[in-house]
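Asks: Pasting in a structure now, in structure tokens, and then I'll have a few things to ask.
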């Protein structure tokens with residue numbers, strides 16, 4: 001799994017965290033952005049994507065999701081593609097893959113995601 005913590009745009013709250021990466025165990029790119037609260041409240045989640053098997057297959061998607069919140073390094077798309085190539089897709093055959101895939105399948109956002117989950121469950 002790769003994870004890159006990005007620099008928030010100027011003027012962002014002090015507790016802002018923005019991350020993108022490749023999650024090989026789920027076979028998806030992910031994007032997260034949140035603001036830590038000043039008190040004991042829950043963090044304010046601005047972006048949470050890529051938490052299901054095969055959810056996001058293109059790194060451009062995660063970069064577009066976090067672009068309003070952080071500076072995107074010029075070479076990050078290429079690094080994310082290289083991470084996927086190096087780490088591969090480790091969802092099929094993992095412990096719990098059948099349960100996770102079966103539970104995620106009815107909520108697949110695209111036919112591509114649904115097809116990838118079905119293929120992994122075979």
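What follows is calculated from the coordinates using simple rules that are stated; it is not laboratory data. Given the structure is predicted, the values throughout are model-derived calculations rather than measurements. Please note: Cβ atoms are built from the backbone with ideal geometry, for glycine as well, and neighbour counts cover all protein chains shown.
Asks: Can you give me the C-alpha center-to-center distance between the range 74-122 and the range 46-70, rounded to a whole angstrom?
Replies: After rounding, the separation between the Cα centres reads 14 Å.
Asks: Still on this structure, please answer the following. Using a Gaussian network for the chain with springs between C-alpha atoms less than 10 Å apart, which of these wobbles most: 49, 97, 86?
Replies: Result for the chain, Cα springs under 10 Å: 86 fluctuates most.
Asks: Moving on to the next point. Of 44, 89, 35, which is the most mobile in a GNM of the chain whose springs link Cα atoms less than 10 angstrom apart?
Replies: 44
Asks: What order do you get for 16, 118 when you list them from fewest to most C-beta neighbours inside 10 Å?
Replies: 118, 16
Asks: Just the C-alpha atoms of the range 83-122: what Rg/Rh do they give, with Rh taken as the Kirkwood radius?
Replies: Here Rg/Rh amounts to 0.99.
Asks: OK, next. Testing the spin-label approximation: label points 7 Å from Cα along Cα→Cβ at residue 40 and residue 115. State their distance in nm.
Replies: 5.1
Asks: A further question on this structure: Of the residues 80, 63, 46, which exhibits the maximal mean-square fluctuation in a Gaussian network model of the chain defined by a 10 Å Cα contact cut-off?
Replies: 46
Asks: Just round it to a whole percent: the fraction of Cα-Cα distances in the range 52-122 exceeding 19 Å.
Replies: For the range 52-122, the fraction of Cα-Cα distances above 19 Å is 44 percent.
Asks: Sticking with this one: For the range 1-63, just list the percent of Cα-Cα distances falling in each 10 Å bin from zero outward, please.
Replies: Histogram of Cα-Cα distances, whole percents per bin: 23, 46, 26, 5.
Asks: Something else about it: How big, on average over all directions, is the shadow cast by the Cα convex hull of the chain, in nm²?
Replies: Computing the convex hull of the Cα atoms and averaging its projections yields 8.4 nm².
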